[in-house]
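Scroll down for the structure; my scribbles are underneath it.
The values are calculated or read from the model by the stated rules, or taken from the named source; none is laboratory data. On a predicted model such as this, the values are computed, not experimentally measured, just so you know. So basically every Cβ, Gly included, is an ideal-geometry build from the backbone, and we count neighbours across all protein chains shown. The protein model used for the area step is the full one, side chains on, heavy atoms only, and it has no ligands, DNA or RNA in it. Shrake-Rupley method; radii C 1.70, N 1.55, O 1.52, S 1.80 Å.
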Amino acid sequence: MPIVRTSGLTRNNQQLNRGIPTGGDERAADSKAPTLTQEPPFNIIGQRMPLKDAFKKVTGEGVYTDDMKFPGMLYARILRSTEVHAKIKRIDTSKAEAMPGVRAVVTGKDAPNKFGVLPVSNDETAMAIDKVIYAGEPVAAVAADSEDIAAAAVWAIEVEYEPLQAFLKPKDSLKETTPELQLHDKVDKAFPKSNIHKAVDQEFGEVTTAFKEARSTPNGTFLFDGINHGFTEPHAVLAHWDADERIILYTPQQVPHYTHRALAKVLELPMHRINVVRTMVGGGFGGKSDPFPHEMIACLLAKRTRRPIKLTMDREETFLVNRGRHPSEIKVALAFDADGKLTGMDSDALIDGGSVGSFGVVSTYYNGVLSNGPYYLPAFRYHGKRVYSNRPASGAMRGHGSVNPRYATETLMDMAAVELGLDPCELRMRNFLPENCLTPFHKFRITSNGIREGLQEVMRLSDWKNKWGKMPYGRGIGVGCGFYISGSALPIHWNKLPQSTVHLKIDMDGGITVHSLAAEIGQGSDTVLAQCVAEVLGVNMDRIHVRSQETDLAPIDLGSYSSRVTFMAGNAARDAAEKIRADLAAAASKLTGQPAKYFDFTGEKVVCRSKPSVAVTFMEALHEAQAERGALIASGCYQAPPLGTEFKGSNAGLSPSYSFSAYICELEVDPETGFVQPLKIWAAHDCGRALNPLAVEGQLEGSIHMGLGQALTEQMRYRGGQLLNGNFLDYKIPTPFETPEMEIVIVESIDPEGPFGAKECGEGGLAPIIPAVGNAIYDAVGVRMYEVPMTPDRVLRAIEDKKRLGK
């Protein structure tokens, strides 16, 4: 069973709010003496329950895009580039157009408008126009009566290419080149003749002095292969130009709102003539959080033919769409004083962004700024460059921007501990950020923070003190820590709209409909919204019906990315429910003659707190509130408070709250083969409050499994720019056989601004497992791993190098 602990003393629903530490460059927030507060009992919050859509998924009742059929539906296929980088000299579609059953053919010139998820990086087109920039880029598309006809037709399209120099190594993209060889017109202003997408340079504090005076300065160059999300459902969309002269797009999207915007730009239609319908999502993990060319293509064909168009990709095509983790080379050095206090960091990251921008501007900042935690860092220098290359695009994969640099940092933390003669866990505890503070330079506002309690608990459960450095050769134990944002404090599009809006409607039948565009992608967001509403109104979950599918019916929410939904949409749902609650309390007051402020909502009743015998049912209060009015309707919203400071890039990494994680991994290494087998993982995660512990455990177990894949087996392999392993046979995702036992520790620090104290648990739980594995390998066989994944050949080579050099 999972262990649920709190950051602070909790007994019988009583939470002791600890005093707020100050000192150094931390800035206290609303400092008060410790006080004992009584929390109200919860009806729904904190209960273990299945997700709202769980039974649809396990029974096969759930409808995915590829399950959908419309009368007169056509099928689309995409012709993809066979060249890595080349001019398009000629496209001849006449043979394809003449084939029986072919209804339309489109090329890049039919949709020249550029789009992208970030306003600053609109560098994509629906199909290549003048040249192709990666093998697999869409060049043309066909709509036909059947998939077989469409597949045959795309091969009838003739394309003549003139190959250009390919940029396959990130360092090549740093060099000056000619306009003809630049992959995009818009690059970083400081490097106008290069293929550098974004460059970031930040320095705060006395970095040079920190390293000059340091007792320990561990450093290393770390290499990371690119990886893919490996979600089960391949990309599939269905577009329909309906009788009302509107386009309807059915797509398994994480960000329907951004897709809505991009479609309007590409199709040159006002947004009100477009309806984006999010279908059930068969896994996303950041891989469905961009507007995509294939969505544009399906809509173009639907508009051209005025018939429904279905486009379903195979697995290799899904790999080529990518948006996975960036391949990276990261050079990092840390400085520590004799007491083991972290005094400085110097980091240089070269990030391979692939063919387009995606979330890359943010990624470049995140690779640096998200190193400012979970430890206090008084001096910080970061140089980061994201480059364009002739590979499929990288994007905002789970744990966006934090995972690779976290491995580097946590490895160096262990190296410092060994050099200073300290326990690695003790070294970390000496450097943890306190709660209720601001980080020195970026002014990240740390509210609740349970990482210390989490690390102490996994140390106890794993018997760390009796294992670390004491087990036989080949068996080791390692630790890794991390933190992550609970949504970005600043939206991508700078406007005055709330970051999340939720509408509630209750009619005479008593059913409560929640309208939100927060995308349910398997993480349980629909369940979170239902819980927040049910808790406020004191009703059972079966009254709550969440409608989060389409832009026609749901108010704006920015989507499911950056671990934002629980905090932001959850607060918006609670806000809307509080307004309905006020109406119902007024109705109960009218029925009973008691003041509205004295009513509690529990067990489907509205009960007078001062006179418990005075109560009305939920339905009685509802019907009274609806008298001469009709349905109760309320709108709730969330907007992050003003945060941060003023320098270029100061907004990156700002969040209303941060989660914290501490993991320990025990494993075995076969020194003859280099094969690594994790045996058990103890994972503590501070999620503020677990609204649904079952869902929190599921998110953390999934994060660990995905992290183990990056740590040990997963990598996208290329030869000459061609992807070699775009399938689930050659792309090695860990199976149940390789997946170890996990013991999840939920740390509840009760965030003061999260909905009922909650904060994120969907992404932050991934990063710590990778360094925990790497540090356990060192404990087992005495070698540091500087390449990820830590495949058997790499581990074996490190062991053999150690023997050869006599280290």
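When the solvent-accessible area of the chain is split by element, carbon and sulfur atoms take up 52 percent of it, the probe being 1.4 Å.
A Cα-only calculation for the stretch 689-751 places Rg and Dmax at 16.3, 51 Å. Proximity of backbone amide H atoms, modeled 1.01 Å from N, is registered between PHE599 and ARG609 at under 5 Å, excluding neighbours fewer than 5 places apart on the same chain. For the residue pairs LYS87/LYS175; LYS341/LYS648; LYS175/LYS385; LYS288/LYS505; LYS52/LYS759, the alpha carbons lie more than 24 Å apart in LYS341/LYS648; LYS288/LYS505. A 1.4 Å probe run over the stretch 604-676, with the rest of the protein chains in place, finds 45 Å² accessible per residue. Less than 5 angstrom separates the built amide H of SER216 from those of PHE336, all sequence-distant by 5 or more or on a different chain.
Rounded to the nearest angstrom and listed largest first, the equivalent-ellipsoid semi-axes of the stretch 606-723 from its Cα gyration tensor are 50, 25, 18.
State the percent of C-alpha pairs, over all pairs in the stretch 545-587, separated by a distance greater than 17 angstrom. Of all Cα-Cα pairs in the stretch 545-587, 45 percent lie more than 17 Å apart. A viscosity of 1.002 mPa s and a temperature of 20 °C, combined with the Kirkwood radius over C-alpha pairs in the Stokes-Einstein formula, give the stretch 740-807 a diffusion coefficient of 143 µm²/s. As a size descriptor, the averaged projected area of the C-alpha convex hull of the stretch 318-416 was calculated at 6.2 nm². The equivalent ellipsoid of the stretch 576-633 has semi-axes of 18, 11, 10 Å, largest first, where each one is the square root of 5 times an eigenvalue of the Cα gyration tensor. Listed by chain and number, the lysines placed with their C-alpha closer than 17 angstrom to that of LYS89 are LYS109, LYS131; residues fewer than eight positions away on the same chain are left out.
The phi torsions of the stretch 278-293, fed into the Karplus equation with coefficients 6.51, -1.76 and 1.60 and a -60° offset, translate into couplings of 7, 7, 4, 9, x, x, x, 6, x, x, 10, 10, 10, x, 10, x Hz, rounded to whole numbers, with Gly and Pro shown as x.
Straight-distance candidates among the aspartates and glutamates for linking to LYS470, with alpha-carbon spacing under 15 Å and chain neighbours fewer than 8 residues away dropped: ASP423, GLU666, GLU668, ASP779. Among the trypsin sites (Lys or Arg not before Pro) in the stretch 556-646, those located in a DSSP loop and surrounded by at most 14 other Cβ atoms within 10 Å of their own Cβ are ARG609, ARG629. When the alpha carbon coordinates of the chain are projected onto the principal axes, the ranges are 82, 79, 49 Å, largest first.
Within the stretch 458-564, DSSP assigns beta bridges of which about 55% are antiparallel (rounded to the nearest 5).
Over the stretch 249-371, the hull volume per residue, using the convex hull of the C-alpha atoms, is 149 Å³. When all alpha carbon pairs of the stretch 584-672 are counted in 5 Å bins from zero, the resulting P(r) reads 3, 11, 14, 10, 7, 6, 6, 9, 9, 9, 7, 3, 2, 2, 2, 1, 0 %. On a per residue basis, the convex hull of the C-alpha atoms belonging to the stretch 77-183 measures out at 116 Å³.
Working from label points 7 Å from Cα in the Cα-to-Cβ sense, the THR209 to ARG717 distance is 5.1 nm. Where both residues lie in the chain, what percent of DSSP beta bridges are antiparallel, nearest 5? For the chain, the DSSP antiparallel bridge percentage is about 75. Calculated accessible area for the stretch 101-217 comes out at 48 Å² per residue, all protein chains present (probe 1.4 Å; ligands, DNA, RNA ignored). Highest mean packing first, where packing is the average number of other Cβ atoms within 10 Å per residue, the peptides 321-330, 648-657 line up as 321-330, 648-657. Both radii are taken from the alpha-carbon atoms of the stretch 133-239; with Rh as the Kirkwood radius, Rg/Rh is 1.15. The amide H of ARG547, built 1.01 Å from its N in the peptide plane, has VAL514, HIS515, SER516 as neighbours under 5 Å, considering only residues 5 or more places off or on other chains.
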